[in-house]
Amino acid sequence: MAQHDETDSTYEERQARRAAISPGGNAGVDEAMIKDVVHSFYGRIRADEVLGPIFDGVIGDNWDHHLAKMCDFWSSVLLMTGRYAGRPMPAHVKIDVGGGEGLADAHFARWLGLFRQTVAERCPPAAAALFEDRAQRIAASLLMGVKFSRGETPDWLGPVKSAPA
């Protein structure tokens, strides 16, 4: 396969190549579906008695900005658009859920449960399965990062050899 770079094709041609090989494109995901999933999901989050106050405490009055950023994130993940350029790990590591406690397994499990409900209701099966797969991977990665930041390690990693930062 020939190598392509910015000198031998237009932006539109590069975007078309990305769309052709993107996992979301192959599952029928498009920008409208991403927007629908993101807005519906965060509507559930905001109404949730456990997660709603956590998100409101972090996002405050910036929901429009957050929703746009999450649409860019999912577009980058599923359609390979490259629109998201944030750093989600530091944002999740610093979240305090009250009493000096950070995010825990139960928070991510609840987040995933609401996400699964949303995509099951709003997407065809192939798209829902893809969204769910990526959400599970993302949640596992973020949870591991949060735990590492607290000096916790998974059992399979063995004992920590240095003091937590």
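Where a number appears in this text, it was derived from the coordinates with a stated rule and is not lab data. Note that this is a predicted model, so its numbers are computed, not measured. Cβ: placed from backbone, ideal geometry, glycine included. Neighbour counts: every protein chain shown.
Odds and ends about this structure:
- Our summary gives the stretch 22-151 a relative contact order of 31 percent, counting only alpha carbon pairs under 8 angstrom and 6 or more residues apart.
- Ratio of Rg to Rh for the chain: 1.02 [Cα atoms; Kirkwood radius as inverse mean 1/r over pairs].
- On Cα atoms only, tilt of 105-122 relative to the major axis of the chain in degrees: 30
- Contact order relative to length of the stretch 83-136, as percent, for alpha carbon pairs under 8 angstrom and 6 or more apart: 21
- Charge tally for G102 (other residues, Cβ to Cβ under 13 Å; Lys, Arg +1; Asp, Glu -1): -1.
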